[in-house]
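Novice: Dropping the structure in here first, questions after.
The values are calculated or read from the model by the stated rules, or taken from the named source; none is laboratory data. Quantities reported herein were computed from a predicted structural model and do not represent experimental measurements. Ideal geometry is used to build each Cβ from the backbone, glycine not excepted, and the neighbour counts take in all protein chains shown. The area values use the complete protein model at the heavy-atom level, side chains included, leaving out ligands, DNA and RNA. Shrake-Rupley method; radii C 1.70, N 1.55, O 1.52, S 1.80 Å.
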Amino acid sequence: MSKTNQPHRLWMYENMVKSRAFEDAIKPAYLEGKTPRFNMARGPIPGEMHLSDGQEPCAVGVCAHLRESDTVTATHRPHHAAIAKGVDLDRMAAEIFGRDTGLSGGRGGHMHLFDASVNFACSGIIAQGMGPALGAAMAAKLRGSDAVAVAYIGEGAANQGAFHEVMNLASVWGAPLVIVIEDNGYGVSVSKASCTAVSRNADRAAAYAMPGIHIAGNDPDAIYDAAGEAIARARRGEGPSLIEIETSRLEGHFMGDQEAYRPEGEKDRLKAMDPIPRYRERLLADGIDAAELDACEKHAQQAVETAFAFARGSALPDPASAFTSVFVERTTA
Amino acid sequence: MNTATAIRKQTIAKAMSEALASEMERDPGVVVLGEDIGKLGGVFGNTGGLLERFGTERVFDTPISETGFIGAAVGMAGAGMRPVVELMFVDFFGVCMDAIYNLAAKQAYFSGGQVSCPMVLMTSVGGGYGDAGQHSQCLYATFGHLPGMKVVIPSNAHDAKGLMLAAIRDENPVVFMFHKALQGMGWLGTVAGSITDVPDGEYEVPIGKAGVAREGTDITLVGLGITVHHCLAAADALSREDGVEAEVIDIRTIAPLDRETILASVRKTGRVVVVDDDYLSCGLAGEVIASIAEAGIPLASPPQRISHPDIPIPFSPALEHAVLPNAEMTLAAARQSIGERA
Ligand SMILES: Cc1ncc(C[n+]2csc(CCOP(=O)(O)OP(=O)(O)O)c2C)c(N)n1
Ligand SMILES: [Mg+2]
């Protein structure tokens, strides 16, 4: 792909930058109250924090093809996918800060972001989004809509039972589902190579009679092309696909991870291949104006600043609200 | 310090790994498997050093395939080995419970005692650090409810080592819960009282026996894991500020529950507050109080229970800390109990 001035490429660039700016704003906020001695329980954002640095291409290359009515389920590492799917950034930041203006009033936090208005959800159990994504895809199909669903999972999740059950079901049902594996090489400390029977998870698609596409290079354009085909195929009613993307986790599994399990120098090598500056260079080489890219960066930065100001300016929830939304009231007779 | 009687201060994490190492040394049938338990030494530090010492033949980092590897542990146990398998957070039991409660827990019974299942399932429990509703549950009652498994939880490092030794040597499946707030991991913060003297040599803390963590005559406070520390803090305040001497019982084994130790204390004091951080309804605290009622022990005031309310554990600290049982709630309940008559 080398045509210039393609709006989706600027969109992808802006959203990658926005996602990274979001994570860059999370880092110091998360560490507030956790220094000098790191204690996960402390500070304005307690709990685990799984950053998506390096994995932005997987989010934008796929979500560039999605509409609001399409469903995305994401993982414990959800920020990039949420941003690319158009989740309300202010309310997302507020949720992560546990504020009453958050997407779910502070009940869920960073691993449980729900924005029903754009059909986005994520959760903390490995491969857990597979079933709900399949269900959303089937709901669309049964209702005669051409909406699709995308299930994001890590490469570690491809060894979980739910992955295999849903792959089979999706194929049997001809569901408009695209399964996207973000292969960052690790599940916490365990390398993919040491715990996965195949070197490419895309090969597993053959066992379920669906296309399996492997994409190397953590390249937004290549992901865009492959995802475009898989999503169009799903919309045409031709069934599910599996896309495996080689990507990189530029931070620890979660913040505070010492990463002693990484081979010497690995992180520096990965950081040198950071997909965002690489993409900027490519866009410039393809004749896109630097001023346009600067403007994308500025928009992204402003959106993040606004979101964090909104979050910090919001109140903590009333403790009584812990007891609401456990059930919802019946709305139909 | 290598004599059998040497005593050192240790964290629960260290005490668990020491117990594992000592049993692995003694019994070649003991193997350890789970996610991140090898190279990393366990997300919660309880398998530190085992891979280096015993190698990949006995310490397996597994894929994220709990149904498979916990099922495999049942098979290993049936074949005469003694697997110790980790389910990183108890919350993840949803993907693999069948192997636990329908296989491990029933192997002895279905085989008429021909096949035992000497496996240990280590699993972390508890919240309070903002990890939200899929990483903060306790599920004591869920596991305690299902017959065929023993379920233990230490409140301190001494008991952690002794319970782990006993769990590995037991002929039956033992669910070994450990509370994240007591584990002694730097990044989680640790209740100081969980770091205790730990004898160097081998010793067992018997499964099925509760402990008396503090003696007293006026009221019985019953807890487990972290809530033992809430009870001890409340007991301290009662003694200092109210001249009331509380007895604190550490349940220590959820199944089989040591009712006798609890009943003996309540017979003596006539007042009881039970504190657990699992969900309230159909829970462990209710089970303890039912046992007291069944025994017909006359009480000077109604029994009280403090548990997590019947809602998912919320993320926001403003919500989580409002609903999670703590020392203040325990003290308030105890004071109410002292002030009331039945
Ligand atoms: C069923 C289940 N098992 C274990 C975990 C603990 N856990 C959280 S993230 C993770 C690693 C996931 O690896 P991967 O799927 O590759 O995603 P990544 O973290 O690399 O994005 C593990 C083991 C979990 N959340 N759910
Ligand atoms: Mg991974």
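Novice: Failed condition for B:LYS39, given (1) more than 22 Å from B:CYS138 (Cβ to Cβ); (2) more than 16 Å from ligand 2 (Cβ to nearest atom), with all others met?
Specialist: Against the list (1) more than 22 Å from B:CYS138 (Cβ to Cβ); (2) more than 16 Å from ligand 2 (Cβ to nearest atom), B:LYS39 comes up short only on (2).
Novice: Across segment B:70-92, what is the total count of residues that are within 16 Å of ligand 1 (Cβ to nearest atom), open to solvent by less than 10 Å² (accessible area, probe 1.4 Å) and of a type in the set (Gly, Ala, Ser)?
Specialist: Residues meeting the conditions: 1.
Novice: Looking at (1) in contact (Cβ under 8 Å) with a residue 60 or more places away in the chain; (2) under 27 Å from B:GLU287 (Cβ atoms); (3) crowded, with 23+ Cβ neighbours inside 10 Å; (4) within 14 Å of another protein chain (Cβ to nearest Cβ), which is the one condition that is false for B:PRO154?
Specialist: Tallying (1) in contact (Cβ under 8 Å) with a residue 60 or more places away in the chain; (2) under 27 Å from B:GLU287 (Cβ atoms); (3) crowded, with 23+ Cβ neighbours inside 10 Å; (4) within 14 Å of another protein chain (Cβ to nearest Cβ), B:PRO154 fails exactly one: (4).
Novice: Oh, and also: Filter segment B:55-65 down to the residues that are open to solvent by 30 Å² or more (accessible area, probe 1.4 Å) and over 20 Å from A:GLN160 (Cα atoms) and list them by number.
Specialist: B:THR56, B:GLU57, B:ARG58
Novice: What is the number of the single condition among (1) more than 30 Å from A:ILE213 (Cα to Cα); (2) crowded, with 23+ Cβ neighbours inside 10 Å; (3) more than 16 Å from ligand 1 (Cβ to nearest atom) that A:ARG42 does not meet?
Specialist: Looking at each condition in turn, A:ARG42 falls short on (2).
Novice: Now, a different point. Does B:ALA13 satisfy being away from ligand 1 (no atom under 13 Å from the Cβ), in contact (Cβ under 8 Å) with a residue 40 or more places away in the chain and in contact with a Gly (Cβ under 6 Å, 6 or more places away or on another chain)? Let's see the steps before the verdict.
Specialist: Values: away from ligand 1 (no atom under 13 Å from the Cβ): yes; in contact (Cβ under 8 Å) with a residue 40 or more places away in the chain: yes; in contact with a Gly (Cβ under 6 Å, 6 or more places away or on another chain): yes.
For B:ALA13, the condition - away from ligand 1 (no atom under 13 Å from the Cβ), in contact (Cβ under 8 Å) with a residue 40 or more places away in the chain and in contact with a Gly (Cβ under 6 Å, 6 or more places away or on another chain) - is met.
Novice: Scan segment A:172-199 for residues that are within 12 Å of ligand 1 (Cβ to nearest atom) and among the aromatic types (Phe, Trp, Tyr) and report the count.
Specialist: 1
Novice: Mind listing whichever residues of segment A:25-59 are more than 14 Å from chain B (Cβ to nearest Cβ) and either under 17 Å from B:ALA318 (Cα atoms) or modelled with pLDDT under 95 (or both)?
Specialist: None - no residue of segment A:25-59 is more than 14 Å from chain B (Cβ to nearest Cβ) and either under 17 Å from B:ALA318 (Cα atoms) or modelled with pLDDT under 95 (or both), so the list stays empty.
Novice: Of the residues A:ALA216, A:ALA222, A:ALA291, A:ALA320, which single one is without any contact (Cβ under 8 Å) to a residue 40 or more places away in the chain, in contact with a strand residue (DSSP E or B) (Cβ under 6 Å, 6 or more places away or on another chain), surrounded by fewer than 21 Cβ atoms within 10 Å (Cβ to Cβ) and not aromatic (Phe, Trp, Tyr)? Before you say what the answer is, go through the steps one by one.
Specialist: Numbers: A:ALA222 fails: without any contact (Cβ under 8 Å) to a residue 40 or more places away in the chain; A:ALA291 fails: in contact with a strand residue (DSSP E or B) (Cβ under 6 Å, 6 or more places away or on another chain); A:ALA320 fails: in contact with a strand residue (DSSP E or B) (Cβ under 6 Å, 6 or more places away or on another chain).
Result of the check over A:ALA216, A:ALA222, A:ALA291, A:ALA320: A:ALA216.
Novice: Something else: Is there a residue in segment A:86-104 that is outside any helix (DSSP H, G or I), closer than 19 Å to A:ALA303 by Cβ and polar (S, T, N, Q)? So that I can check it myself, show each step before the final result.
Specialist: The initial filter retains those residues of segment A:86-104 that are outside any helix (DSSP H, G or I), namely A:86-88, A:97-104.
Next, from what is left, pick out any that are closer than 19 Å to A:ALA303 by Cβ: A:86-88, A:97, A:99, A:101-103.
Okay, now just the ones that are also polar (S, T, N, Q), so A:101.
Yes, segment A:86-104 has at least one match.
Novice: Could you tell me whether A:MET255 is open to solvent by 40 Å² or more (accessible area, probe 1.4 Å) and of a type in the set (A, V, I, L, M)? Steps first, please.
Specialist: Working: open to solvent by 40 Å² or more (accessible area, probe 1.4 Å): no; of a type in the set (A, V, I, L, M): yes.
Criteria not met by A:MET255.
Novice: Count, please, the residues in segment B:32-54 that happen to be within 25 Å of A:ILE125 (Cα to Cα) and either open to solvent by 40 Å² or more (accessible area, probe 1.4 Å) or more than 11 Å from every other protein chain (Cβ to nearest Cβ) (or both).
Specialist: Of the residues in segment B:32-54, 9 are within 25 Å of A:ILE125 (Cα to Cα) and either open to solvent by 40 Å² or more (accessible area, probe 1.4 Å) or more than 11 Å from every other protein chain (Cβ to nearest Cβ) (or both).
Novice: Scan segment A:137-162 and report the pairs whose first residue is away from every other protein chain (no Cβ under 14 Å) and within 16 Å of ligand 2 (Cβ to nearest atom) and whose second residue is in a strand (DSSP E or B) and small (Gly, Ala, Ser), with Cβ atoms within less than 7 Å and a gap of 6+ or a chain change.
Specialist: As it stands, the answer is A:TYR152/A:ALA74, since those pairs meet every condition given.
Novice: Scan segment B:121-140 and report the pairs whose first residue is over 17 Å from B:ILE153 (Cα atoms) and whose second residue is surrounded by fewer than 24 Cβ atoms within 10 Å (Cβ to Cβ) and among the β-branched types (Val, Ile, Thr), with Cβ atoms within less than 6 Å and a gap of 6+ or a chain change.
Specialist: Short answer, once both residue conditions are applied: B:GLN134/A:ILE125.
Novice: Scan segment A:225-244 and tell me whether some residue there is of a type in the set (Lys, Arg), away from ligand 1 (no atom under 16 Å from the Cβ) and over 20 Å from A:VAL62 (Cβ atoms).
Specialist: no
Novice: Tally time: how many residues in segment A:198-212 are surrounded by fewer than 19 Cβ atoms within 10 Å (Cβ to Cβ), within 16 Å of ligand 2 (Cβ to nearest atom) and over 21 Å from the mean Cα position of the chain (by Cα)?
Specialist: Looking only at that region, the number is 2.
Novice: Another one. Of (1) crowded, with 18+ Cβ neighbours inside 10 Å; (2) more than 16 Å from ligand 2 (Cβ to nearest atom); (3) more than 14 Å from every other protein chain (Cβ to nearest Cβ), A:VAL180 satisfies all except one. Which?
Specialist: Unmet for A:VAL180, out of (1) crowded, with 18+ Cβ neighbours inside 10 Å; (2) more than 16 Å from ligand 2 (Cβ to nearest atom); (3) more than 14 Å from every other protein chain (Cβ to nearest Cβ): (2).
Novice: Taking the residues in segment B:313-327 that are within 8 Å of another protein chain (Cβ to nearest Cβ) and among the hydrophobic types (A, V, I, L, M, F, W, C) as candidates, determine which candidate is most open to solvent (accessible area, probe 1.4 Å).
Specialist: Looking at residues that are within 8 Å of another protein chain (Cβ to nearest Cβ) and among the hydrophobic types (A, V, I, L, M, F, W, C), I get B:ALA322.
Novice: Out of segment A:134-166, which residues are buried (at least 18 other Cβ atoms within 10 Å of the Cβ), within 16 Å of ligand 1 (Cβ to nearest atom) and more than 16 Å from A:ARG233 (Cβ to Cβ)?
Specialist: Taking segment A:134-166 first, the residues buried (at least 18 other Cβ atoms within 10 Å of the Cβ) are A:134, A:136-138, A:140-141, A:147-160, A:162-163, A:166.
Going one step further and asking which of them are within 16 Å of ligand 1 (Cβ to nearest atom), we end up with A:150-160, A:162-163, A:166.
The answer is A:TYR152, A:ILE153, A:GLY154, A:GLU155, A:GLY156, A:ALA157, A:ALA158, A:ASN159, A:GLN160, A:ALA162, A:PHE163, A:VAL166.
Novice: Filter segment B:293-312 down to the residues that are touching a strand residue (DSSP E or B) at 6+ places or on another chain (Cβ under 6 Å) and buried (at least 18 other Cβ atoms within 10 Å of the Cβ), then identify the one that is nearest to the other protein chains (Cβ to nearest Cβ). Quick ask: steps written out before the conclusion?
Specialist: If we filter segment B:293-312 for residues that are touching a strand residue (DSSP E or B) at 6+ places or on another chain (Cβ under 6 Å), which is where we start, we get B:303-308, B:310.
Restricting the remaining residues to those that are buried (at least 18 other Cβ atoms within 10 Å of the Cβ) gives B:303-308.
Working: B:PRO303: 24, B:GLN304: 20, B:ARG305: 18, B:ILE306: 16, B:SER307: 14, B:HIS308: 10 Å.
Filtering segment B:293-312 for residues that are touching a strand residue (DSSP E or B) at 6+ places or on another chain (Cβ under 6 Å) and buried (at least 18 other Cβ atoms within 10 Å of the Cβ), the one nearest to the other protein chains (Cβ to nearest Cβ) comes out as B:HIS308.
Novice: Being surrounded by fewer than 22 Cβ atoms within 10 Å (Cβ to Cβ) and more than 13 Å from every other protein chain (Cβ to nearest Cβ) is the filter; apply it to segment B:163-186 and report the residue that is nearest to B:ALA21 (Cα to Cα).
Specialist: That would be B:LEU165.
Novice: Still on this model: More than 16 Å from ligand 1 (Cβ to nearest atom) and either open to solvent by 50 Å² or more (accessible area, probe 1.4 Å) or more than 14 Å from chain A (Cβ to nearest Cβ) (or both): is that true of B:ALA104 in this structure? Before you say what the answer is, go through the steps one by one.
Specialist: Numbers: more than 16 Å from ligand 1 (Cβ to nearest atom): yes; either open to solvent by 50 Å² or more (accessible area, probe 1.4 Å) or more than 14 Å from chain A (Cβ to nearest Cβ) (or both): yes.
In short, yes.
Novice: A further question follows. Checking the structure you have, find out if any residue of segment A:54-68 is without any contact (Cβ under 8 Å) to a residue 60 or more places away in the chain and closer than 27 Å to B:VAL323 by Cα.
Specialist: The answer is no, given that none of the residues of segment A:54-68 is without any contact (Cβ under 8 Å) to a residue 60 or more places away in the chain and closer than 27 Å to B:VAL323 by Cα.
Novice: Okay, next question. Within the bounds of segment A:109-117, is there any residue that is away from ligand 2 (no atom under 16 Å from the Cβ), touching a Gly at 6+ places or on another chain (Cβ under 9 Å), closer than 23 Å to B:GLU320 by Cβ and in contact (Cβ under 8 Å) with a residue 60 or more places away in the chain?
Specialist: yes
Novice: Follow-up. Restricting attention to helices (runs of 4 or more DSSP H) lying wholly within segment A:202-320, give those where 3 or more residues are touching a Ser or Thr at 6+ places or on another chain (Cβ under 8 Å).
Specialist: By residue number, A:220-235.
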